[in-house]
1. Any residue at all in segment B:17-28 that is farther than 20 Å from B:Y144 by Cα and either at pLDDT below 95 or in contact with a Cys (Cβ under 8 Å, 6 or more places away or on another chain) (or both)?
2. Could you pull out every one of the helices (runs of 4 or more DSSP H) wholly within segment B:45-124 that has 2 or more residues that are away from every other protein chain (no Cβ under 14 Å)?
3. Output the residue which, of all residues in segment B:125-144 that are more than 14 Å from chain A (Cβ to nearest Cβ) and among the hydroxyl-bearing types (S, T, Y), is farthest from B:L27 (Cα to Cα).
4. Could you tell me which numbered condition B:D8 fails, if it satisfies all but one of (1) closer than 30 Å to B:L127 by Cα; (2) open to solvent by 30 Å² or more (accessible area, probe 1.4 Å)?
5. Select from segment A:104-126 the residues that are of a type in the set (K, R) and closer than 24 Å to A:L90 by Cα and list them in ascending order.
6. Among (1) over 18 Å from the mean Cα position of the chain (by Cα); (2) surrounded by fewer than 19 Cβ atoms within 10 Å (Cβ to Cβ); (3) within 14 Å of chain B (Cβ to nearest Cβ), which single condition is A:D134 missing?
7. If I filter segment B:128-163 down to residues being among the hydroxyl-bearing types (S, T, Y) and over 16 Å from the mean Cα position of the chain (by Cα), which single residue comes out as nearest to A:R146 (Cα to Cα)?
8. Residue check: is A:D299 open to solvent by 20 Å² or more (accessible area, probe 1.4 Å) and at pLDDT 95 or above?
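The values are calculated or read from the model by the stated rules, or taken from the named source; none is laboratory data. Fair warning: this is a prediction, and the values are worked out from it, not measured in the lab. Positions of Cβ are backbone-derived with ideal geometry, glycine not excepted, and every protein chain shown enters the neighbour counts. For the accessible areas, the whole protein counts, side chains as well, though only heavy atoms, and no ligand, DNA or RNA atoms are used. Shrake-Rupley method; radii C 1.70, N 1.55, O 1.52, S 1.80 Å.
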Amino acid sequence: MAILQSALQVILTILGIILFWALLMALLSPLESLGWWAGWFGDKSEDDEIKLDRLGSQTLPPGKHHFIVFLTGIGGVRQEVHIPEERRFLDRLAERMPEAVIVDDIFPYSVTNRALTGNRIFSWFWRIALRSQDERKPLGKLINIRNVFQVLVASDHRYGPMYDRGSAEIVIKGLLRHGYVIGSGVPVYVIGYSGGGQIAVGSAAYVSARIKAPVRILSLAGVFCADPGIPKIDRIYHIHGRIDAVERLGRRIFPGRWPIMRHSTWNRALADGQATIIDMGDMIHNGPGSYLDPDSMVDDTHSYLDKTVETMAIIVTGEGEELPVPKIED
Amino acid sequence: MWLLTQVDPVSIWAVISAFFSRVENGLQLLLTAPNRDILTIQLVALAGLSAAIGQSVVLFANRVKPLRFVISLLTAMLIYVLSFLFWVTIVWGLLNWGLDIAVDWTTLAGAVAVSYIPLLLAFLGFLPYAGQPILQLLYVISFYYLIIMLHRVLAVDMIQTVAFTAVGLVVVLLLQATIGKPLGWLVDKILEMAAGTTLKFDLDAAIEAFADPDGDNSISPSTGEGA
């Protein structure tokens, strides 16, 4: 009995420490974007060599007609896409749309585009977490938790306008790095995967105003609120699977996404045809059976990943093959 | 038991922990403490500091510098205490002379201060997404405890307590809209002096002022000094 009590005490202590740590992490989470806004960390971000107002006359990269920005899911730690599933998806997307420029060097969970493993006080900790993530150990989930808090910061009506402006700036700088010409009028497609959906939706209005071109959102199982900037977005395509619990959670936790909130920006966008929901059948959020799974098949020759890539290609280029949606038999 | 006075000074943590074990215990401990005046001020000051942290987004939005940020929080705390003293005095006067309910000023102040204990958690208002509703909930809880505390110290029944609280609230709101206006202006000016910049208390207005200082559709904040 005494051993059981001691064990219970240890478990409760550990739970208490975890809860305290999570609370502390949540409390500190708005500081990066608010501090950036307030100029506490200087006025420079990591990719500040590109000045938005110093734009010479440029032409678009030859043979490129489309610009696609990829905003990684909550597992991201740095600008380069390092998660194998996401990397494979982007390679396939580039293969499928060779005429598209894919901007894939943005870390959307930092308004300064600063990697967790970059120039930070706790970069050593995030390097350990990244190693754990690579080895699929539980510690790696701390990265997801940290990034979820950033999604919450972006969706907070007080912090969101500051966070979104920071995100917009790093998206624009990403576009410029990849040869986008402001004023060219070329539409920009922003893929917001999972939590990246909130960053995409939140920043789109500011990006659009700045580049003077339409911004279209490809929300790949995006988790996002009924952001006040939605009416200023050209189009939103919300791609989701029927059995994706994470995407469903996103629809539940943000009241503006509830169907009964008919006057929310999201529901108005749906009613006006500005937002379109694309059903991907029985896909889950990540891992086997997910949107990025190259092994699960929708028919004899096409995988779930093919289905996702093809769906996006049809939206961007207007051409492609409509693949069947997967159905898991009971 | 209720009226017995403690001999040794009581710490603020003892009052808080007594409050969380049983609300009335917190009130009893504070009112019977020899250092109850200090405890009252300490509780209100801590609640004020916590509330200032919870609502500090305004300072960030106005691009207040780090040292000024700290000074602003401390100033907000001081203003919170002064406001408390002012409004408690108004309500005390109303009770004694308007409603003919005899109550000791320090007892009333102590009871109101104990109802502020939930607001010690007001710093949670800084939490992303959930912060604002948590803060609102804390204010509701604090108001609920205010009624409970007044019920205990005014020695009237609950319906009368609620009625008195409602009347007190109306009077405070009326005064805020009249003589409180210049005081509010003064408070704003003091906060601006502490912040070292003109403060826009409307978040959107503050953000817009910095994002678009020259009307050039800028996104990130201006690097210029002040608003």
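1. No, there is no match, as no residue in segment B:17-28 is farther than 20 Å from B:Y144 by Cα and either at pLDDT below 95 or in contact with a Cys (Cβ under 8 Å, 6 or more places away or on another chain) (or both).
2. Numbers: elements: B:57-61, B:66-93, B:105-115.
So the answer is B:66-93, B:105-115.
3. Let us first name the residues in segment B:125-144 that are more than 14 Å from chain A (Cβ to nearest Cβ), namely B:137-144.
When the remaining residues are screened for being among the hydroxyl-bearing types (S, T, Y), the result is B:139, B:142, B:144.
Details: B:Y139: 18, B:S142: 14, B:Y144: 14 Å.
Applying the filter and picking the extreme gives B:Y139.
4. Every condition holds for B:D8 apart from (1).
5. Once the filter is applied, which keeps residues that are of a type in the set (K, R) and closer than 24 Å to A:L90 by Cα, segment A:104-126 yields only A:R114.
6. (3)
7. B:Y129
8. Answer is no for this residue.
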